[in-house]
Structure formats: structure tokens, C-alpha cells
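Shown next, in C-alpha cells, is the structure this report addresses.
The values are calculated or read from the model by the stated rules, or taken from the named source; none is laboratory data. Everything numeric in this text was worked out from a predicted model, so none of it was measured. No Cβ is skipped: glycine too gets one built from the backbone with ideal geometry, and neighbour counts run over all protein chains shown.
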Amino acid sequence: MVDIHHRTAELYGLINIPSTVWFDEEGVMVRPPTIAPGDDRFKQYTGIDATVHHDALRHWVVEGEQPDPSLMARWSQPEAEDQSAARAHRRVAAYLHRSGRDELAREHFEKAAQLAPFDWTIRRGSMSMTGGDPFGQELFDFWTEWEAAGKPGYSA
């Protein structure tokens, strides 16, 4: 799914890509956002083996056993204050950008990035609205910074 306005990311707390959220037949979330690639194309970068996610999903579908409930408990905890503030600044910035008020928007984009420096939705997702190229040098610079910090947000 491509969500150019990042509404899904905001709604479900997605920070990094690729992320997966599981819902049951009634639309109830049974597994919160998880860094779970569909294949191993980015394994060398993320260190995450897609097979682990596929096996867990297959087990849920075949056996009917929902994922570890502690995952939902951790997800339902209040978000860190800086993360919440960063998301609020990004929402304001995106609104201002859509309204053609780019100078004001830039201040909020910068504050959001300062508060949540490794949030991919905020950093990369905002590049096209700040005149950057989400597939260009700015992305590679961010990637280098994120990698040097230990790839925050990703765990194998």
C-alpha cells in the first residue's frame, strides 16, 4: 500500500518501512506494527529475515493462534512525549504545506525531525514536501545517519 499522505502511518504508529499490521476477520488489530518485510530483498540492510514473519503469519492462519499478546500490550503503551510532539509537528507541517504556506511548514518539519530524528515517516516521508528527493542524496544521507546510530527502530 502506498499512503502518500501518511495517514495510515499516523493512525497505526508506523515509524519504519516496511511495516506490517495484522487484522482479523472482524477488523480487530491482533498484531501491532512490526518491521516485517515481504521478502528478503532488504535483509542485508535491516538484518531481518522475512521467513520469521512468514512463519508466524502462517501459524496464525493455519492454527488460529494469535500472536504473543505482550506485543499488543507494548503497542498500547503511551507514546514517548517527543514522538507524540514530533508527529503533531509533522501533521501541522503537512497541513501548512498543502495550504501553500511552505515557510511555516518548514519550521514544523524541522522540529519534527529534531524530536524524532530516526522516524522514517517523519524524515523520509516529508522529503517530497520540503523540496527533497525521497529517492535521492537526502535519503542516502539520512540512511547513513540512521545506520551509524545503530538502525533505531529495527530489531531482528
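Take the residues in the range 39-75 that are in contact with a strand residue (DSSP E or B) (Cβ under 8 Å, 6 or more places away or on another chain) and closer than 20 Å to Ala9 by Cβ; name whichever of them is modelled with the highest pLDDT.
Looking at the filtered set, the residue picked out is His53.
Restricted to the range 75-133, and to residues that are of a type in the set (Ser, Thr, Tyr) and part of a helix (DSSP H, G or I), which residue is farthest from Trp143 (Cα to Cα)?
Tyr95
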